[in-house]
Amino acid sequence: MFPLTARSSNPLRGSVQVPGDKSISHRALMVGALAVGETVVNGLLEGEDVLRTAAALRMLGAEVERAADGAWHIWGRGVGGLSEPDDVLDMGNAGTAARLLMGVLASHPMNAVLSGDASLRRRPMARVAGPLHEMGAEIAGRAGCRLPLLVRGTGDAMPIHYRLPVPSAQVKSAILLAGLNAPGTTTVVEPVPTRDHTELMLRHFGAQVQVESDTHGRAISLIGQPELAGRAIRVPADPSSAAFPLVAALIVPGSQVRLRGVGLNPHRIGLLTTLEEMGAHIRIENRRVEAGEPVGDLAVAAGCLRGVQVPAARAPSMIDEYPILAVAAAVAEGPTAMRGLAELRVKESDRLAAVARGLAACGVDVEESEDSLTVRGTGARPRGGASIESALDHRIAMSFLVLGLVAERPVTIDDGSPIETSFPGFAALMGELGAEMTGDDPSRAPDG
């Protein structure tokens, strides 16, 4: 454990690129392992979560190596070609990786055990296990379908037509990945569109994926048993990680920051939409498409924000960004009401409760319900002066460090180590922009 403290900052200035997109990095490694030939990935997020995925795929028989120039090379085994691991697949804190790997394993005739750290072992996996069971896999775990899980895959997976009971890109992706090794067509219907990185990635590797939308939702259909071919991929900067310097630049007076190469997938930009409704000065420049994903540079300038109503329908496009949105709301003029947040209670921590508790400790007027959060900003700097429990949650830790940059008194988080799972070098990057964060952050340690 190492504490970190953020203090009131001078204006933030500079141009930086945050680490690669975590969601896309997981998928690039997994689909590369299921392809034939070599896949080369540049810009891969080298955080702990993604490194766990790489280690698990090596145990499943894929060759995964990092070259001296920073590029990652994957030599895949083909669809259905992975082999049974000799040991437990330890996913650490990587919930996305665990759920997606359940899908990969479900249509391989092997036994595999998935486990993780204390936080991941508390997170429910039943929503993923249910449809995979319909496809022929057997999944057994602790009460509530929690890790450690035994996945007994099948070599005769059945394609299914599955309607998601609640929007979830992870459940959708697990089904599609299992459907790769099932004959016929696997279809997932989602009531509200969620991030579509898996669909775009599978198409990039040569799979046939069709998407149709109507009044009943969005149907994604995959034709099974394709021969995927290795590809080159450049991973864009993670918009969920970019959210932290982005909001910091908006709320620290006088700041002007440029964030380069940020992923702008339409299913991931709910935060940008909300911040613009709050009056944020954000300009998108140098738009382009890389490996099927839209990308651009964000030019951000500080200014006054106002409270808004955030509709529940927007939650799937910004579910990971509500903690940092709540920080922006704490500085805005007037109330910001966020609804449809029940999913936050089953993340790395109960994020809804953690955000409400931390804001209250910093002197912010906040009201929490079962699936909503209302933050009543005054347009003035929050009091701060609190010590926040990160609860092994990287987004809680980074959000309150950003709050500390504008608060009247310093804000300390008890443990900055979870940040390394998704945003290695966070404090150092913020320091490049002029933020004052101090502590025993290993990303600041000298070489040697």
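The values are calculated or read from the model by the stated rules, or taken from the named source; none is laboratory data. Quick caveat: nothing in here was measured; it's all calculated off a predicted structure. Because the Cβ atoms are built from the backbone with ideal geometry, glycine has one as well, and the counts that use them run over all protein chains shown.
Name every residue in segment 134-156 that is part of a strand (DSSP E or B) and either loosely packed, with under 15 Cβ neighbours inside 10 Å or touching a residue at least 24 places away in the same chain (Cβ under 8 Å) (or both), in order of residue number. Explain how you work it out, then say what you get.
If we filter segment 134-156 for residues that are part of a strand (DSSP E or B), which is where we start, we get 138-142, 146-152.
Listed by number, the residues that qualify are Glu138, Ile139, Ala140, Arg142, Arg146, Leu147, Pro148, Leu149, Leu150, Val151, Arg152.
The set of residues from segment 271-287 being among the polar types (S, T, N, Q), surrounded by fewer than 16 Cβ atoms within 10 Å (Cβ to Cβ) and in contact with a strand residue (DSSP E or B) (Cβ under 6 Å, 6 or more places away or on another chain) comprises just one member, Asn286. When Pro131, Pro167, Pro124, Pro159 are checked against the criterion of being assigned to a loop (DSSP other than H, G, I, E, B), within 24 Å of the chain's Cα centre (by Cα) and buried (at least 17 other Cβ atoms within 10 Å of the Cβ), Pro167 stands alone in meeting it. Residues in segment 376-406 that are farther than 18 Å from Leu246 by Cβ and of a type in the set (A, V, I, L, M): 5 in all. Summed over segment 339-366, residues that are buried (at least 16 other Cβ atoms within 10 Å of the Cβ) and in a helix (DSSP H, G or I) total 11.
The set of residues in segment 43-91 being part of a strand (DSSP E or B) and at positive phi is empty. Within segment 367-385, the set of residues being hydroxyl-bearing (Ser, Thr, Tyr) and either surrounded by 14 or more Cβ atoms within 10 Å (Cβ to Cβ) or closer than 20 Å to Cys304 by Cβ (or both) comprises Ser372, Thr374, Thr378. Candidates in segment 1-27 are the residues that are among the small types (Gly, Ala, Ser) and in contact with a helix residue (DSSP H, G or I) (Cβ under 7 Å, 6 or more places away or on another chain); of these, the one that is surrounded by the most Cβ atoms within 10 Å (Cβ to Cβ) is Ser25. Against the conditions (1) on the phi > 0 side of the Ramachandran plot; (2) crowded, with 24+ Cβ neighbours inside 10 Å, Ile175 satisfies every one except (1).
The residue of segment 174-193 that is nearest to the chain's Cα centre (by Cα), among those that are under 19 Å from Pro109 (Cα atoms) and part of a loop (DSSP other than H, G, I, E, B), is Leu180.
Per-residue answers, yes or no, for (1) more than 26 Å from Pro191 (Cβ to Cβ); (2) in contact with a strand residue (DSSP E or B) (Cβ under 6 Å, 6 or more places away or on another chain); (3) charged (D, E, K, R); (4) surrounded by fewer than 24 Cβ atoms within 10 Å (Cβ to Cβ):
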residue	(1), (2), (3), (4)
Leu264	no, yes, no, yes
His267	no, no, no, yes
Glu290	yes, yes, yes, yes
Ala302	yes, no, no, yes
Arg306	yes, yes, yes, yes
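Residues of segment 316-353 being small (Gly, Ala, Ser), out of contact with any Lys or Arg (no Cβ under 8 Å at 6 or more places or on another chain) and modelled with pLDDT of 95 or more, which ones? If the condition is that a residue be small (Gly, Ala, Ser), out of contact with any Lys or Arg (no Cβ under 8 Å at 6 or more places or on another chain) and modelled with pLDDT of 95 or more, then Ala326, Ala328, Ala329, Ala330, Ala337 are the ones that fit.
If we scan segment 321-338, do we find a residue that is on the phi < 0 side of the Ramachandran plot, charged (D, E, K, R) and in a helix (DSSP H, G or I)?
Yes, segment 321-338 contains a residue that is on the phi < 0 side of the Ramachandran plot, charged (D, E, K, R) and in a helix (DSSP H, G or I).
The condition (being over 21 Å from the mean Cα position of the chain (by Cα), not assigned by TED's automatic domain parsing to the domain that holds Glu63 and not basic (Lys, Arg)) is satisfied by just one residue among Ile223, Ile251: Ile251. Among residues that are in contact (Cβ under 8 Å) with a residue 40 or more places away in the chain, assigned by TED's automatic domain parsing to the domain that holds Ala337 and surrounded by 24 or more Cβ atoms within 10 Å (Cβ to Cβ), Arg395 is included. One residue stands out among those in segment 194-211 that are assigned to a helix (DSSP H, G or I) and within 19 Å of the chain's Cα centre (by Cα): the one that is farthest from Ile269 (Cα to Cα), which is Leu202. Scanning segment 60-101 for residues that are buried (at least 24 other Cβ atoms within 10 Å of the Cβ) and more than 25 Å from Arg234 (Cα to Cα) gives a single hit, Leu89. Candidates Ala342, Ala329: the one that is out of contact with any helix residue (DSSP H, G or I) (no Cβ under 6 Å at 6 or more places or on another chain) and more than 25 Å from Ala126 (Cβ to Cβ) is Ala329.
How many residues does segment 306-320 hold that are among the aliphatic types (A, V, I, L, M) and either touching a residue at least 60 places away in the same chain (Cβ under 8 Å) or part of a helix (DSSP H, G or I) (or both)?
Within segment 306-320, the first condition is being among the aliphatic types (A, V, I, L, M), and the residues that meet it are 308, 310, 312-313, 315, 318-319.
Then keep just the ones that are either touching a residue at least 60 places away in the same chain (Cβ under 8 Å) or part of a helix (DSSP H, G or I) (or both); that gives 312-313, 315, 319.
Selection size over segment 306-320: 4.
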